[in-house]
Every structure is written in C-alpha cells, then in structure tokens.
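What follows is a short report on a single structure.
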Amino acid sequence: MLTHSPRDLALFVISQRKKLKLSQAAVGALVGLKQATVSAFENKPESSKLDTIFRILSAVGLDVYIEDKAFQDIYSKIRGANKTRAIWQKQEKDLINIDKIKAMKWNEEW
C-alpha cells in the first residue's frame, strides 16, 4: 500500500487488525503496549512515536517499505508504456482480424 499520511496508515492498520479479528488490547499485548496506546494511534496517528507505530505494524503482520520517489516516477512511466504497448498490440490484432474478415468476404464473393 502506498500511503502519504498518518491517517491513511492508521486506517490500513485498523483494517488489517479487524481482518485478523484482533482487538486493540490483543494487538497491544502482542508487542507490550497498552490498549490505550493502540487506540491513540488509531485515532490520532500523527501524535504516535515511530517506535509505537513499528510495534503496532509488527503485531498486525505488516512491514514498512520505503522507496525513492524518483524510482516510483520511472516505474510508473514504464508501467504506463507497457499499458500503451498492450493497447497498441490489441489494436494491431483487431486490425489483422478485420483484414482477415474482409479477405474472407472477398473470397466468398468471388
């Protein structure tokens, strides 16, 4: 998941916690935090300590992956080029099929 805000991260963590059917208390118990600390992160993540965030992420089975934005830009351009290439290939196949149909009709007429 790509996230740009503490709130987005907290919402994802909440979703993961519920998917795992874990209470806030259970998450806290797994990593030595109080239920109130987990609740504070979920409700006001921008105030949480980095250590607390990493512990909560660990408890719900999530990792953090940091990527260079320049790499993201290059990757998205490549992905976009691949999508464009796929569209061109499909259009080319469609044109070939149209040509085949026209040839079959021409052969039927003669």
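The values are calculated or read from the model by the stated rules, or taken from the named source; none is laboratory data. Fair warning: this is a prediction, and the values are worked out from it, not measured in the lab. Don't worry about glycine lacking a Cβ; one is built from the backbone with ideal geometry, like all the others, and counts go over all protein chains shown.
The table for this structure:
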quantity: Every residue from segment 1-25 that is assigned to a helix (DSSP H, G or I) and touching a residue at least 24 places away in the same chain (Cβ under 8 Å); calculated: P6, R7, L9, A10, F12, V13, I14, Q16, R17
quantity: Residues (at pLDDT below 80 and not in a helix (DSSP H, G or I)) located in segment 54-87; calculated: E67, D68
quantity: Identity of the residue in segment 1-53, hydroxyl-bearing (S, T, Y) and closer than 30 Å to D68 by Cα, that ends up modelled with the lowest pLDDT; calculated: T3
